[in-house]
Structures are given as structure tokens and as C-alpha cells.
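What follows draws every value from the coordinates through simple rules; no lab data is involved. On a predicted model such as this, the values are computed, not experimentally measured, just so you know. Cβ placement follows ideal geometry from the backbone for every residue including glycine, while neighbour counts extend to all protein chains displayed.
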Amino acid sequence: MSDEAKRGVVLRDEGSSVIVDLDGEEVACVIRKTLRRKSGRRRKPVAVGDRVTVEFSGDGAAVTAVEERRSQLSRPDPSDPRKEQILVANLDEVIVVTSAKSPDLVPGLIDRFLVAAESRELDVAIAINKVDLDPDREFDTVAQVYRDLGYTVLETSAEDGTGIEELRAFLREHTTSLLGHSGVGKSSLLNALDPSLKLRTGEVHDGTGKGMHTTTTVSLLRLPWGGYLVDTPGIRAFGLWNMLPEDVGYWFREMRERMPDCRFKNCLHDNEPGCAVKAAVEAGEIQRWRYESFLRIVEGLREETPEY
Ligand code: GDP
Ligand code: ZN
């Protein structure tokens with residue numbers, strides 16, 4: 001590395017250049033041609049989240065090297081499904097955000113996000129927001145189910161500040177994505193964490209006049225206290241596009257440990273005789289709503305015929 005070289009993190013992709021965070025400064029960089037040639041079947045050699053080396057010369061700043069990725073969240077490239085599009089590299093963890101009230105906490109609604117995150121080997125926690133609206137702690141029953149399964153469950157309120165310090169500590173030095181349905185308070189939480197962070201909304205005009213579509217661009221926000229947040233355009237980016245229906249049960253922790261006891265190795269835990277998972281549901285050892293959300297996810301995967 002020459003004196004002129006610095007290391008940084010790619011925050012955004014702006015087409016002909018990428019925006020790199022160099023110690024808190026956002027610098028637009030071109031991508032060195034030698035990197036482009038090596039990129040193989042991927043369209044771009046540099047992805048949002050990449051740790052990169054930036055060199056400065058008379059022409060400006062250029063990305064000259066990319067560190068090996070610890071993880072990558074990808075999907076088929078919309079313009080050429082044979083290619084892989086990396087949405088974000090080096091993501092560490094996901095926080096699934098839900099609300100105690102308004103909208104009501106619906107058990108099972110977050111299971112899809114948990115499966116998506118865990119199947120990608122990301123750390124995952126759950127945040128129950130708007131606890132100020134539920135002074136009787138009706139959310140406790142559901143929270144306890146997830147705690148018993150080993151998940152961290154944070155209780156937050158963007159309104160009165162409950163749990164915000166804990167959330168901030170959780171985000172520190174990590175690259176995190178907040179996932180959750182609209183209206184649960186994701187942008188309000190960011191605002192409570194630091195008013196300079198503003199979560200974008202997913203809907204943008206695509207310029208064709210045909211109205212709105214959900215952008216596929218992901219960008220990173222630098223947290224002033226260390227770490228990055230993924231500014232996710234939409235939860236679709238965290239779909240289950242490459243998951244086989246028969247693998248879903250593996251990502252339900254309480255099902256995984258019982259699956260070896262099913263009579264059939266390829267048991268789908270639906271109508272098969274001798275299914276240890278169903279037996280545990282009947283015995284009240286597995287929450288029925290968790291089992292039902294498993295069935296819904298499997299059903300959804302069967303209906304979604306991939307286009308590639
Ligand atoms: P997002 O779609 O997940 O980003 O949700 P928003 O941050 O836009 O919040 C949706 C609505 O819930 C807004 O009217 C917020 O003011 C409100 N809200 C967000 N967090 C809380 C909270 O902790 N307590 C209460 N009472 N309202 C909240
Ligand atoms: Zn079974």
C-alpha cells in the first residue's frame with residue numbers, strides 16, 4: 001500500500017463510481033480497470049459493504065483492491081438471472097423489528113425474517129418496538145417464546161426512549177440490517193438513535209412514468225459511534241429465493257432438534273406418519289403458531305416458481 005492508499009467501506013453504488021467511507025469522509029471513487037477484468041460472472045467487482053483499498057492519483061480516487069468478503073447477500077441479477085447480484089457484502093447481523101401495538105404484535109409474522117437471516121448465517125435479534133403503547137406487557141408471552149428459543153429480544157420505544165441505549169450497543173461495530181413490516185417504527189428508531197440518520201423509504205419513481213417501484217439499491221449508513229446500518233430499500237431483498245421447501249424446518253430451532261426422530265428421513269412435517277415435529281406440536285412442546293408459520297412459509301415457497 002502506498003502512502004496515498006487508504007482503506008474504507010463502500011457505502012453506495014452510483015453507477016460509474018462508488019461512494020467509499022474513508023474515516024467518516026465520503027469519497028467518490030472509480031473502480032480500477034484491473035479489478036473489473038477479474039470480476040468473472042459478476043457484473044461488478046465491488047459491492048456495497050466491501051472493505052476496499054482506495055488509491056489517490058492525479059485523476060482522483062480509485063478502488064484498487066477488495067478484501068475477501070465475510071458474507072454476501074445476493075440474488076439473481078434482474079437484468080440477467082444467470083448472473084449473481086450482490087446486494088450487500090459483509091453483513092453481520094439482522095434485527096427483526098416488530099411492534100407491541102399499532103400494528104398489533106402478530107405471532108409468526110417475524111418468522112419469515114428469522115428464517116431468511118438464519119439461513120444466511122447472520123446473527124439475528126428481535127426488537128419489539130412501541131412498548132410504550134403496551135403498559136400491561138401483553139407482548140411478553142410472544143417475547144418469552146423467542147427468548148426460550150435462544151433469541152435476543154430487545155424492548156424498545158422510539159417514543160419514550162426505552163431500550164435505545166441497548167439497541168445502540170447492539171449495533172456498535174457491526175454491519176446491521178433492520179427488517180420489519182412498514183409502520184413498526186424502523187425509521188423512528190433510527191431517529192431516536194441519532195437524528196442525523198434518516199432511513200429512506202423503499203418506494204421511488206423509476207422515471208418511466210409508470211409509477212412507483214421498489215428500488216433494488218442498497219446503501220449503508222455510517223453510525224457515528226461505530227458500525228454501519230443497511231438502508232434496505234425493501235424487505236423483498238431479504239426474500240427466500242434460493243431456499244428449498246424441504247429445508248425450511250431446519251431454520252426453526254425447535255423443529256431442527258426433533259427432525260432426526262421423524263420416521264422418514266425426507267419428512268416434510270406436514271402429513272407424514274411418525275412425524276416427531278407434529279407430535280411435539282400436539283404435545284404442546286412446540287408452539288402451534290410457530291408450526292403454522294412454518295407451514296405458511298413452505299406453502300409460499302411452493303407457489304413462488306422461480307423465473308430463472
Ligand atoms: P417504519 O415504516 O417501520 O419506518 O415506521 P415509522 O418509523 O414510520 O413509524 C410508523 C408510526 O409509528 C409513526 O407514526 C411513528 O410516529 C410511530 N412510532 C414509531 N415508533 C414508535 C414508538 O416506539 N411508540 C409509539 N407510540 N409510536 C411509534
Ligand atoms: Zn417430520
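Just a few scattered comments:
- No disulfide-compatible partner, judged by a Cβ distance under 4.7 Å, exists for the following cysteines of the chain: C29, C275.
- Cβ-Cβ FRET estimate between K265 and D104, R0 fixed at 35 Å, reported to 0.05: 0.35
- Full-extension gain in nm, D148 to S187, via 0.36 nm per residue minus C-alpha separation: 11.2 nm
- Quarter the surface of the alpha carbon convex hull of region 56-205 and you get the mean projected area, 12.4 square nanometres.
- Sequence-separation-based contact order of the chain, relative, with Cα cut under 8 Å and 6+ spacing, percent: 14
- Share of Cα-Cα pairs in the chain lying beyond 25 Å, as whole percent: 56
- Placing dummy labels 7 Å off each Cα toward the beta-carbon, the span from D136 to E14 is 5.3 nm.
- The chain - share of DSSP beta bridges that are antiparallel (%, nearest 5): 60
- Where labels lie 7 Å past Cα in the beta-carbon direction, separation of Y250 and T217 in nm: 3.6
- Fully extending the segment from A5 to E166, taken as 0.36 nm per residue of separation minus the present Cα-Cα distance, adds 54.4 nm.
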